[in-house]
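Structure first, commentary second.
The values are calculated or read from the model by the stated rules, or taken from the named source; none is laboratory data. These numbers were taken from a predicted model, which means no experiment stands behind them. Heads up, the Cβs are rebuilt from the backbone with ideal geometry, glycines too, and the neighbour counts pull from every protein chain shown.
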Amino acid sequence: MPTLTYRDALNQALREEMQRDPNVFLMGEEVGLYQGAYKVSRGLLEEFGPQRVVDTPIAELGFAGIGVGAAMAGLRPVVEFMTWNFAILALDQIVNSAAKMLYMSGGQFPMPLVFRGPNGAALQLGAQHSQAWESWLAHIPGLKVVAPATPADAKGLLKAAIRDNNPVIVLEGEMLYNTKGEVPEGELVIPIGQADVKRPGNDVTIICHSKTVSVALKAADQLQEAGISAEVVDLRSIRPLDEAAVIASVTKTNRCVVVEEGWHHCGVGAQVVDIIQRDAFDHLDAPVQRVTQVDAPMPYNKVLERAAKSTPEKVVAAARRVLYLD
Amino acid sequence: MSPAATAAIPGKKVSADLQRSMLRQMLLIRRFEEKAAEAYALGKIGGFCHLYIGQEAVAVGTIAALRDDDYLICSYREHGQALVRGIPATAVMAELFGKATGCSHGKGGSMHLFDAKRHFMGGHGIVGGHIPLAAGIGFAVKYKGGDQVCLCYFGEAAVNIGAFHEALNMAAVWKLPVVFICENNRYGMGTAFERVAALTDVAAHATSYDMASAEVDGMDVFAVHAATTKAVADARQGKPTLLEIRTYRFMGHSMSDPLHGVYRTKEEVEEQKKRDPIAALTHHLRDEGIMDQAAIDALDAEIHAEVDQAVKFADESPDPDPDALMRDVLAD
């Protein structure tokens, strides 16, 4: 099986879908001539031309709305945000236009479009460039939200997102673009809404998504050294959320830690805990613990930044708490 | 600004049939809105309801310049455009009543009228939020190699919002087939435009985007039609236009608001009513011998009956079934 970077897996997905369907086009800042701020769109301008790989001005609200209008008139836009931090300017179009169009038109206007770009903190980018937006976006009925952690998932979920007849938010990990992984050859479409057990285990469940999958896997390695078998469940999709997979794992291990990049208050983990307390209450041997970014804007200082983030050490500590080892 | 587009074009350049049809459409809007106001007072219509009375010549004059396969997208003051585009008065009124037979199946309401098959791309409720959508529709037309245009309606208050400027810029850069139609009725809710806009000449904003523009008398349906005809022809060639159509609303901002009060005087409203676009058109039709008063009265009676029928239809239509609550949150 070929090994690809996360970046190149996304590039493959875009290229294959644009080859497959002439109505698919990519627009965003620096996607064409510059080859993408993170080089996800490398080579696409050359292959598909400026009509289908469209460089926009820095106007997130405007070009997100152009994506919505183009979808209303029959195209399948892929709108790239240079980062999701900038996409907050486009929230009116994502929430008020894209997410509600089908419903408020009584089913007349489906919204086959993708909003994608890097999400979450990288390294020392400061408060305004280091944010994870999934709990904001996953709150909205009418949207689907996916957050792939591996190159294979990135390819398969982006392809599924482009083929979906709904607005799909694809949250890519800024720190994941260079990571490598095996990607199956041939057609790879991963259904949206299916979690994936990234590592089976018996003693404690660690639920995670996107960049925190690697955090959870590192924590699982450390726990293994202490003789603790952790099961790592990658949600992959935040909305819809694979409740059955969460319940199945917790029912098996009876203990759970939920990890995410975003802030604690009203985070994705809060929703996961709601599912567990409702549907797996009798299986729990300990209260569920959450590991999140601290409830503060991201500091620039490297030491403070590390202290703010979800880390393997924090996950190990939380796992030990739910196992009553500490 | 194009001088040719600003001059009122004599009605005789428009066929007598079209002139009669224009009066019919303007009267339909007026009578429809009067009935909507009544139904609102009776509690049959809920929420926000923004009436078009006074602005009829804008919808009628602009849409007369369109082909059936062209697109329209509107703000939340869009009953007039919906009716002129041909959505049956029954389906529009039923939507206002929130009924299953409404043009958005009762799930949109007054502000969210949609009709995909008539390329009526909605009623949108966030001021200025739909202006980029118009550019997107134009983008799709150009992408597919079509020659349709998209008319985009918004009020003058939307000119202060970023979406307006972002959309006009991209429409000009990409040469999109869009006509941006600012219905300048002078007030954003209760705020006079000059109190909140550094530049009150809306059409002048087009120069920032190297776009053609025109100021148009919105009480003169023929002037509106002529200016839009030119703008639509240019749009089909990839040249978008900003039209500032100066009009006036005779009613409050919405049904919840007073007709006049702290922000405008009764005298001002009465003075503006002397410019009533329907009165102007009926005078013209009589003067030109195209319709006599008896014919106009007969037409008005026919429209009254049509609107009464729309109210009856809406009133007797069923609510959406309970399953509609969760239907169309997501597409299959």
Open item on the list: Residues that are touching a residue at least 60 places away in the same chain (Cβ under 8 Å) and assigned to a loop (DSSP other than H, G, I, E, B): does region B:223-236 have at least one?
Closed with: no
TODO: Go through A:189, A:213 for me and flag whichever is of a type in the set (Val, Ile, Thr) and assigned to a helix (DSSP H, G or I).
DONE: A:213
Open item on the list: Condition first: under 13 Å from the mean Cα position of the chain (by Cα), closer than 26 Å to residue A:306 by Cβ and more than 8 Å from chain B (Cβ to nearest Cβ). Can you find one or more residues in region A:84-104 that meet it?
Closed with: yes
- [ ] Only residues that are away from chain B (no Cβ under 14 Å), of a type outside the set (D, E, K, R), surrounded by fewer than 24 Cβ atoms within 10 Å (Cβ to Cβ) and in contact (Cβ under 8 Å) with a residue 12 or more places away in the chain: list them for region A:35-60, please.
- [x] A:37, A:38, A:43, A:44, A:45
Task: Residue satisfying condition, being at pLDDT 95 or above, hydrophobic (A, V, I, L, M, F, W, C), assigned to a strand (DSSP E or B) and closer than 30 Å to residue A:68 by Cβ, within set A:171, A:176 - done: A:171
- [ ] Name the residue, out of A:255, A:236, A:321, that is in contact (Cβ under 8 Å) with a residue 24 or more places away in the chain and within 21 Å of residue A:134 (Cβ to Cβ).
- [x] A:236
TODO: Name, by its number, the condition in (1) assigned to a helix (DSSP H, G or I); (2) surrounded by fewer than 24 Cβ atoms within 10 Å (Cβ to Cβ); (3) within 10 Å of chain B (Cβ to nearest Cβ) that does not hold for residue A:69.
DONE: (2)
Open item on the list: Which count do you get for residues in region B:74-91 that are in contact (Cβ under 8 Å) with a residue 60 or more places away in the chain and either under 23 Å from residue B:248 (Cβ atoms) or under 8 Å from the mean Cα position of the chain (by Cα) (or both)?
Closed with: 5
Task: Selection count, region B:183-234, where residues are surrounded by fewer than 17 Cβ atoms within 10 Å (Cβ to Cβ) and out of contact with any helix residue (DSSP H, G or I) (no Cβ under 6 Å at 6 or more places or on another chain) - done: 14
Open item on the list: Pairs needed: first member in region B:283-306, over 14 Å from residue B:17 (Cβ atoms); second member anywhere, surrounded by fewer than 14 Cβ atoms within 10 Å (Cβ to Cβ) and at pLDDT 95 or above; C-beta distance under 7 Å; at least 6 residues apart or different chains.
Closed with: B:286/B:292; B:286/B:293
Open item on the list: Please go through region B:62-100 and give me each residue that is more than 12 Å from chain A (Cβ to nearest Cβ), within 15 Å of residue B:150 (Cβ to Cβ) and outside any strand (DSSP E or B), ordered by number.
Closed with: B:62, B:63, B:65, B:66, B:67, B:68, B:75, B:78, B:81, B:85
- [ ] Take region B:311-332 and flag every residue that is assigned to a loop (DSSP other than H, G, I, E, B) and either more than 19 Å from residue B:45 (Cα to Cα) or free of Cβ contacts under 8 Å to residues at least 60 places away in the same chain (or both).
- [x] B:327, B:328, B:329, B:330, B:331, B:332
Open item on the list: As an exercise: evaluate residue A:63 against (1) over 25 Å from residue B:129 (Cα atoms); (2) within 11 Å of another protein chain (Cβ to nearest Cβ); (3) surrounded by 18 or more Cβ atoms within 10 Å (Cβ to Cβ) and give the number of the one condition it does not meet.
Closed with: (1)
- [ ] List the strands (runs of 3 or more DSSP E) that sit entirely inside region A:222-326 and contain at least 2 residues that are buried (at least 23 other Cβ atoms within 10 Å of the Cβ), of a type in the set (A, V, I, L, M) and in contact with a strand residue (DSSP E or B) (Cβ under 7 Å, 6 or more places away or on another chain).
- [x] A:230-234, A:256-263
Task: Which numbered condition residue B:265 fails, given (1) among the polar types (S, T, N, Q); (2) within 20 Å of residue B:28 (Cα to Cα); (3) free of Cβ contacts under 8 Å to residues at least 12 places away in the same chain - done: (2)
Task: residue B:138 vs. criteria within 11 Å of chain A (Cβ to nearest Cβ) and either in contact with a Leu (Cβ under 7 Å, 6 or more places away or on another chain) or surrounded by 24 or more Cβ atoms within 10 Å (Cβ to Cβ) (or both) - done: yes
Open item on the list: Here's a check for you: in region B:116-130, which residue that is touching a residue at least 12 places away in the same chain (Cβ under 8 Å) and within 8 Å of chain A (Cβ to nearest Cβ) is farthest from residue B:105 (Cα to Cα)?
Closed with: B:129
- [ ] Determine if region B:296-308 includes at least one residue that is in contact with a Leu (Cβ under 8 Å, 6 or more places away or on another chain), away from chain A (no Cβ under 14 Å) and part of a loop (DSSP other than H, G, I, E, B).
- [x] no
